[in-house]
Amino acid sequence: MESAAILEALTPVLGGLNAEVDHRTSAHLGAMVKHGGESQRMQLFADVQSKADGKVLELVLLSREAMGLRAPQTHQTFEKLVELVERHLGGMRLQFRSDRDGPLPAGERSGAGRP
């Protein structure tokens, strides 16, 4: 599958997150996820990378939400992102990475929701 087609497949995911694309190239897009006020704004980045075993879609969710209370709004949005990707891009293998915990083994969902 070509990079542009992979990004196009994200259209229902972006709609489900109420995300508005503000930057797009053939292999990258950036979008604002809108949840309430300025402090609840999140950014979603999607990059298609060429790897030895084919194309890989990397998704990054960034938030300004304070981590002191475990960032509940960000956590909820991340879980929704994962559910939407699984539903609409079901043919892709998912692998999770946490800034705090690093890469998580494939299939290990406990803890995968930690943004």
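Some points to look at:
- Neighbour net charge for residue 22 - beta-carbon separation under 12 angstrom, K R +1, D E -1: +2
- The range 3-104, Rg to Rh (Cα coordinates; Rh as Kirkwood inverse mean 1/r): 0.95
- Highest-first arrangement of 3-16, 41-54, where packing means the average Cβ count within 10 Å: 3-16, 41-54
- Projected label points at residue 25 and residue 11, each 7 Å from Cα along the beta carbon direction, are separated by 2.3 nanometres.
Read-outs: derived from the displayed coordinates by stated rules, not from any lab. Just so you know, these numbers come straight off a predicted model, no measurement behind them. Positions of Cβ are generated from backbone atoms using ideal geometry, with glycine treated the same way; all protein chains shown enter the neighbour counts.
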